[in-house]
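Below you'll find the structure, written out as C-alpha cells, and then a few comments.
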Amino acid sequence: MDKIRMTTPIVEMDGDEMTRILWQMIKDNLLLPYIDLKTEYYDLGLSYRDQTNDQVTVDSANATKKYKVAVKCATITPNADRVKEYSLKEMWKSPNATIRALLDGTVFRAPIVVKGIDPCVKSWKKPITIARHAYGDVYKGTEMKIPGAGKVELVYTAEDGTETRETVHAFEGPGIIQGMHNLNDSIESFAKSCFNYALDTKQDLWFATKDTISKQYDHSFKDIFQDIFDADFEGQFKEAGISYFYTLIDDAVARVMKADGGFIWACKNYDGDVMSDMVSSAFGSLAMMTSVLVSPDGDYEYEAAHGTVQRHYYQHLKGQETSTNSMATIFAWSGALRKRGELDGNQKLADFADRLEQASLDTIEAGEMTKDLALITTIPNPTVLSSEDFIKAIAKRL
C-alpha cells in the first residue's frame, strides 16, 4: 500500500512518563504504517527541558508559528518533588503556559462522546466546550514567601518615573504572596476567538469570572468581552440564532449542572484548567477530551488535556501491565493531521484523520476498552485491554 504523502511537516512535541510511551505506540501502530509522516521533532521531556534551560520549549512554539500546526504530548510541570527526582537546575514553569503565552492563543476543549459512556450528569445530552484563556494569571505569576512582619505593596512605575502604590497586606508574621497579570491585547484576542468559534460552531457562548470580588482584574475581562460583543458581534450572533451572556462563575457552575450541553463556556486560564477537567471527567474520563490551542494568527497546537499518568508509568517501569486510555492523545494526532490536510489541501490526510477517529470510537463501542472506561460503560461484558492492546485493537479496525 502506498503511504499518504505529506507536503508540510507537523511540529511534534514529545513529552513525559506514560504518555511518552503511548506516543510511540500510537506512531508505530496507527500512523507510520499509513502515512509518510513528516514532523519537526522537539523533545519536551523534563530532562531535556532542563538540559536546554527550557529553550527547547520556546523553540517548539516558534516552530509552530512557522509551520502553523503542532501536536503535543503531555508534559510534567515540576514541583519540589520533581526537582529532586530529576535533579533539575530549577523548578521550570509549565511548558503549556510558555507555549500558550508565545502563541497568545485560546484553548478549546470538548469531550469525546461515544456510545456506551454516559455522562455522570444526567441532564447532559450534548458536548460542553470549554474555551480557556491561554495567557497570564497564576501560570505567569510571581510568588514570594514572606519571612516575617512587614508591608507588601504593589508598585507600578510609569515610563516617566511616577509611581502608583497599593498595599497588599501588612504582615505581622510569616506568610506568602502571589502577583499575577494579564494583558488587554490578550484578553481581546481571547474574546474574539471565543465569539468567532461560537459563530463557526453555531453554539451559545457563556463567559464567567468573579467580578464582584475581583473588581479590577476580573471586571476588566467582563468589560472587554462586552465591549467587543457590542461593537462587532451582537448582530452576527442574532443572525446566527445564538446568544452570549456573562454570569458569575459560581452561578455558571450551577447552570452547567442543570443544562443539557451544546454550548461554549469561556473561562480565565486557571478556571478553564479546572472546569475542563471537571467536564471531561463527568463525560467519562480525563482521557476523553480533545484540546486545541488556536492563536489569533491561525496557528494550531493539538494536545491531550490530561497529565502524564505518573502512576501507570511507575507500574510500566516495574514491568507491570497497564491499561492507560490513549484516546485524547490519538485525537490530538488526528486533529493535527486533519488541520495539516486542510491547510495543505491534502484531502487524503484529512480523510485519514476522520477514519482514525472512527476506528477509535468503533473499538470502544464494540466493547473493547481500557479499564477506566470499562468501570463506567453501559456496554455489557466489556473487554478490558492493556495500553498496547487497545491501540492494536484500533489498528485492526483502521
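What to note about this one:
- Listed by first and then second residue, the pairs linking a residue in region 184-211 that is of a type in the set (Asp, Glu) to a residue that is assigned to a helix (DSSP H, G or I) and modelled with pLDDT of 95 or more, with Cβ atoms under 7 Å apart and 6 or more places separating them unless they lie on different chains, are GLU188/ILE224; GLU188/ILE228; ASP211/ASP218; ASP211/HIS219; ASP211/LYS222.
- Of the residues making up region 197-234, those that are of a type in the set (S, T, N, Q) and either at positive phi or assigned to a helix (DSSP H, G or I) (or both) are THR201, SER220, GLN226.
- Residue within region 219-230 that is crowded, with 16+ Cβ neighbours inside 10 Å, at pLDDT 95 or above, farther than 30 Å from LYS371 by Cβ and charged (D, E, K, R) present: yes
- For region 101-165, the strands (runs of 3 or more DSSP E) that sit wholly inside it and include 2 or more residues that are surrounded by 10 or more Cβ atoms within 10 Å (Cβ to Cβ) and within 14 Å of the chain's Cα centre (by Cα) are 106-111, 129-133.
- Residues satisfying the criterion are present in region 348-358 (criterion: touching a strand residue (DSSP E or B) at 6+ places or on another chain (Cβ under 7 Å), assigned to a helix (DSSP H, G or I) and of a type in the set (A, V, I, L, M)).
- Qualifying residue in region 312-321 (condition: of a type in the set (Gly, Ala, Ser), surrounded by fewer than 21 Cβ atoms within 10 Å (Cβ to Cβ), modelled with pLDDT under 95 and out of contact with any Leu (no Cβ under 6 Å at 6 or more places or on another chain)): no
- Condition broken by TYR86, with the remaining ones in (1) farther than 28 Å from TYR48 by Cα; (2) in contact with a helix residue (DSSP H, G or I) (Cβ under 6 Å, 6 or more places away or on another chain) satisfied: (1)
- Elements of type helices (runs of 4 or more DSSP H) in region 1-77, at least 3 residues being of a type in the set (D, E, K, R): 55-67
- Verdict on LEU293 being at pLDDT 95 or above and closer than 28 Å to ASN62 by Cα: no
- Comparison of SER291, SER295, SER276, SER285 shows that the only residue that is surrounded by 21 or more Cβ atoms within 10 Å (Cβ to Cβ), in contact with a Cys (Cβ under 9 Å, 6 or more places away or on another chain) and among the hydroxyl-bearing types (Ser, Thr, Tyr) is SER276.
- Search result, residues across region 380-397 that are surrounded by 15 or more Cβ atoms within 10 Å (Cβ to Cβ) and in contact with a strand residue (DSSP E or B) (Cβ under 8 Å, 6 or more places away or on another chain): PRO382, VAL384, LEU385, PHE390, ALA393
The values are calculated or read from the model by the stated rules, or taken from the named source; none is laboratory data. Not measured: the values here are computed from a predicted model. Here Cβ is always computed from backbone atoms with ideal geometry, including for glycine, and neighbour counts include all displayed protein chains.
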